[in-house]
């Protein structure tokens, strides 16, 4: 799938991957699946606009990101203006408006990890995946982020993959960990 995954501005959000734009049937199928997901999540929260944040988190949890169509459907169903929803999803770092990889890699760059070599770990991960922090590879395998602290300073430098903490990392260990998920 040839999807541009390195977008950062809301006005550059993609509607459908390129291969789906050329085949309207695939696009309609994706739209229907997404609409079903959004409706199910909203129904779970009884259609309450006060549950907007949790609804968005639940949709992203199941879909890995928040496509433009999902935001539009949430706006329609909850009767919340789309620009308000866009403001929320661009304000909170927890939300993603671009596709994310199957594996979320977080590199701690806090003080304790930094002085123990976090930069070398980050360089190794960047080289192995071909992406920089805030990006997702084109195969949608990995997304890379840096974080200020993972709360396990004694284990630094620390790398987290899909919520699993890998401590006392070295460049060699970082490469080995990525191979497990690759």
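The values are calculated or read from the model by the stated rules, or taken from the named source; none is laboratory data. Bear in mind that the values here come from a model prediction, so they are computed numbers and not experimental data. For neighbour counting, all protein chains shown are included, and Cβ atoms are generated from backbone atoms with ideal geometry for every residue, glycine included.
Exactly one residue out of 151, 182 is surrounded by fewer than 16 Cβ atoms within 10 Å (Cβ to Cβ) and at positive phi, and it is 151. Residues in region 154-177 that are surrounded by fewer than 16 Cβ atoms within 10 Å (Cβ to Cβ) and outside any helix (DSSP H, G or I) were compared, and the one that is nearest to the chain's Cα centre (by Cα) is 162.
Where in region 1-113 are there helices (runs of 4 or more DSSP H), lying wholly inside it, with at least 1 residues that are at pLDDT 85 or above and not assigned by TED's automatic domain parsing to the domain that holds residue 140?
Working: elements: 18-21, 24-44, 52-63, 68-78, 82-91.
Helices (runs of 4 or more DSSP H) meeting the threshold: 24-44, 52-63, 68-78, 82-91.
Scanning region 127-141 for residues that are closer than 18 Å to residue 180 by Cβ, in contact (Cβ under 8 Å) with a residue 40 or more places away in the chain and not in a loop (DSSP other than H, G, I, E, B) yields 128, 129. Among the residues examined, residue 124 qualifies as modelled with pLDDT of 95 or more, in a helix (DSSP H, G or I), out of contact with any strand residue (DSSP E or B) (no Cβ under 7 Å at 6 or more places or on another chain) and crowded, with 18+ Cβ neighbours inside 10 Å. Taken as a whole, the condition of being outside the structural domain of residue 71 (by TED's automatic domain parsing), in contact (Cβ under 8 Å) with a residue 24 or more places away in the chain and assigned to a strand (DSSP E or B) applies to residue 144.
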